[in-house]
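This report refers to the structure that appears directly beneath it.
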Amino acid sequence: INAEYGKHEGSTMGGVLGTVAADSPIGFAVLAVAMTVFLYSSTIVDYGLQSSGPLDLKQAMVLWLLVFGATVSHWFAERRSLRGQIRGTAAGDVIRVASGTYVVTESLPIGDGVTVDGGGEVVIRAKGVPVLETMAKGATLRNLTLEVLGRTEDDIDCVIIGGGSDVVLENCKISCTSGDAVRIFGESTRPTLKDCVITHGRQQGVMVSDGASPVLHKCTISEFTGPCVMVIHDADPTFRDCTIHGSDKEGVVFHEQAKGQLLGCHIHSNRLSGVMISACDPKVDRCRVLNCGFGGITVRRGGRGRISRCELKRNKVGGMLVGVLSEGAEPVVEQCQISQNSQWGVVVHSAAGGTFERCRIEENGGGGIQVQGATYGCFRDCTVHGRNSSPAMEVRTRVRDQVHSTSKVEFEHCVVDPPMK
């Protein structure tokens, strides 16, 4: 065998041995024996090469030791790597990761029932792949920082959960400069995220779709180019006591037959609406929606929703916008405090309606309630106050230079001061 072929084959065989050895020590032993037999063979007939005679003993030993050393080095390096440690675990195992920054080029292979704990000083940074893409059941990740660094056009998410997984992420920080920070999808997929900070990304913070029903508890979701939260396609998530802010668009979007609940959340300082509901029927209860650049809660075409015991304050256009620039919105709004918004407390536009019960609407810049065009619905047992020279209520029959029929909105047992304009 000529020297060039021997060098090339030795390198290739070392790579094969190293890869197999990382997965199986038994495989390493078998391949090492096979390599020894190969080196002591007197003739080489494979690959169509002409043999020049057997290797002498010294050459064979040197070549074997080089391959053996490369293989053992590869094996131990793999075993020391984060991925290697996780891959070798079984249900019930707990991995406590040493502090530091780990750069990975493959997603972490989290198995069923495994716990990975970073102690709060571990950064796992992925390049070209999600940090975590899992269908694991009974697994827990705790005290980790998970990051994907990449270009927006790469569209790589940081954490992807599907396939019926009920994985738990606790006290983790998640960010992504490429795709969504967290994407959760699929029926029977029910992960739990507790005390996580999901922040800074070029798309959505949390995308929930296709029937998934995660629970997010006391999480902060902030600073995204897209909506901080997007819920679509029959998804039914629960966000409990979360803080959602700093989106370049909406804080939370419910769309396309979405369900879900916002319970006790603080939603503020989003460039458009705090919550936008369209073609779906979610629940919003005990939430504070403040300082958003359009409406506090906006309900658009086909949107319904039950909105109760919420505080809608200091939003730019209005606290509650129903049917603005669309038709067919019919929310139920109960026991809400709608005040100090820059323009109106409640705006109901053409061909939209809804029911407002026991709400307090006061101290809004433009007035309490503005009804535009042929709207319908009911205000019942509400208290409505104007502000200085602003009216408590205003009914406009002319909208965009078109005269509409008389509004069909009903006011029952409401306290209105000053009277309707």
In the stretch 162-248, carbon and sulfur make up what percent of the accessible area (probe 1.4 Å)?
42
Return the loop-located GluC sites (Glu not before Pro) in the stretch 120-173 (DSSP other than H, G, I, E, B) with at most 16 other Cβ atoms within 10 Å of their own Cβ; answer none if there are none.
Glu121
Cβ-based net charge around Ala351, under 10 Å, with every Lys or Arg adding one and every Asp or Glu removing one:
0
Could you give the accessible area per residue of the stretch 212-330, probe 1.4 Å, as a whole number in Å²?
34
With all protein chains present, calculate the accessible area of Lys194 using a 1.4 Å probe and round the result to the nearest 10 Å².
80
Starting from the 7 Å offset along Cα-to-Cβ, what nm value, one decimal, do you get for the label separation of Arg306 and Asp241?
2.3
Each label sits 7 Å from Cα toward the beta-carbon; between Glu187 and Thr101 the label points are separated, in nm, by 4.4
Linear extension gain, Arg358 paired with Ser342, 0.36 nm per residue minus alpha-carbon span:
3.6 nm
Summed over the other residues with a beta carbon less than 10 angstrom from that of Arg183, with K and R at +1 and D and E at -1, the charge totals -3
Can you send over the solvent-accessible area of Asp381, 1.4 Å probe, protein chains only, in Å² to the nearest 10?
70
What is the gain in length, in nm to one decimal, between Lys408 and Arg125 on full extension, counting 0.36 nm per residue of separation less the C-alpha to C-alpha distance?
96.1 nm
Calculate, for His233 and Val415, the FRET efficiency according to 1/(1 + (r/R0)^6) with r their C-beta to C-beta distance and R0 56 Å; round to the nearest 0.05.
0.85
Assuming 0.36 nm per residue, please report the length gained on full extension of the stretch Arg380 to Glu327 beyond their Cα-Cα distance.
16.9 nm
So which of Lys194/Lys316; Lys127/Lys218; Lys173/Lys316; Lys137/Lys249; Lys173/Lys313; Lys137/Lys173 end up more than 27 Å apart by C-alpha?
Lys194/Lys316; Lys127/Lys218; Lys173/Lys316; Lys137/Lys249; Lys173/Lys313
Once you place label points 7 Å from the Cα toward the Cβ at Lys283 and Asp248, how far apart are they in nm?
3.5
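The values are calculated or read from the model by the stated rules, or taken from the named source; none is laboratory data. Keep in mind the model is a prediction, meaning the values are calculated, not measured. Cβ atoms come from the backbone with ideal geometry, glycine included; neighbour counts cover every protein chain shown. The area values use the complete protein model at the heavy-atom level, side chains included, leaving out ligands, DNA and RNA. Shrake-Rupley method; radii C 1.70, N 1.55, O 1.52, S 1.80 Å.
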